[in-house]
Amino acid sequence: MIHVLASIVIEEGKMPDVLKIYENFVPLVTRETGCLMYQPTLDVDTPIPTQVKDDNLVTVIEKWESMEAFNAHLNAPHVIQFRKEIKGIVKNISIKVLTEANEKYHNAGQQYGFGESLR
């Protein structure tokens with residue numbers, strides 16, 4: 001299983017526009033083959049000192065059956081359209097592609113073509 005955390009920094013005042021785009025986009029993604037979860041989330045206020053709330057950040061939490069399913073997602077027509085729709089609204093996007101940190105996935109780097117980079 002592949003986990004993806006996408007951090008999307010939005011231009012000031014554009015969050016309502018982005019959330020509207022996601023409203024239409026999420027159902028398309030969740031119907032994709034291999035999509036186990038696709039959930040845009042927003043920061044919440046907490047008393048936890050390490051929580052830094054950012055009102056211009058969307059964090060998308062994703063789970064995919066495989067790297068192949070995730071790669072297919074990246075090239076899906078609705079993803080290409082989504083990128084066009086958010087252009088000019090988004091300041092920055094960064095992603096983390098992850099796998100479980102347990103013995104079963106100890107050699108995950110080789111499985112996904114990363115060689116020795118995870119050791």
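A few notes on this one:
- Counted charge near Leu74, where neighbours are those whose Cβ lies closer than 14 Å (Asp, Glu -1; Lys, Arg +1): -2
- Anisotropy class of the chain from Cα gyration tensor, a/c 1.5 cut: oblate
- Probing with 1.4 Å while keeping every protein chain in the model, the per residue accessible area of the chain equals 65 Å².
- When the helices of the chain are scored as -39500 (n - 2.57) per DSSP H run of n ≥ 4 and the total is divided over every residue, the value at 222 nm lands at -9000 deg cm²/dmol.
- Surface share of carbon and sulfur [accessible, 1.4 angstrom probe, percent] for the chain: 55 percent
- Size of charge dipole - the chain - debye, nearest 20, with Cβ of Lys, Arg +1 and Asp, Glu -1, no other charges: 240 debye
- Part-to-part distance (alpha-carbon centres) for the range 1-32 and the range 73-97, which is given in Å: 8 Å
The values are calculated or read from the model by the stated rules, or taken from the named source; none is laboratory data. Please read these numbers as outputs of a predicted model, since none were measured by experiment. Methodologically, a virtual Cβ is constructed for each residue, glycine included, from the backbone with ideal geometry; neighbour enumeration extends over all protein chains shown. For the accessible areas, the whole protein counts, side chains as well, though only heavy atoms, and no ligand, DNA or RNA atoms are used. Shrake-Rupley method; radii C 1.70, N 1.55, O 1.52, S 1.80 Å.
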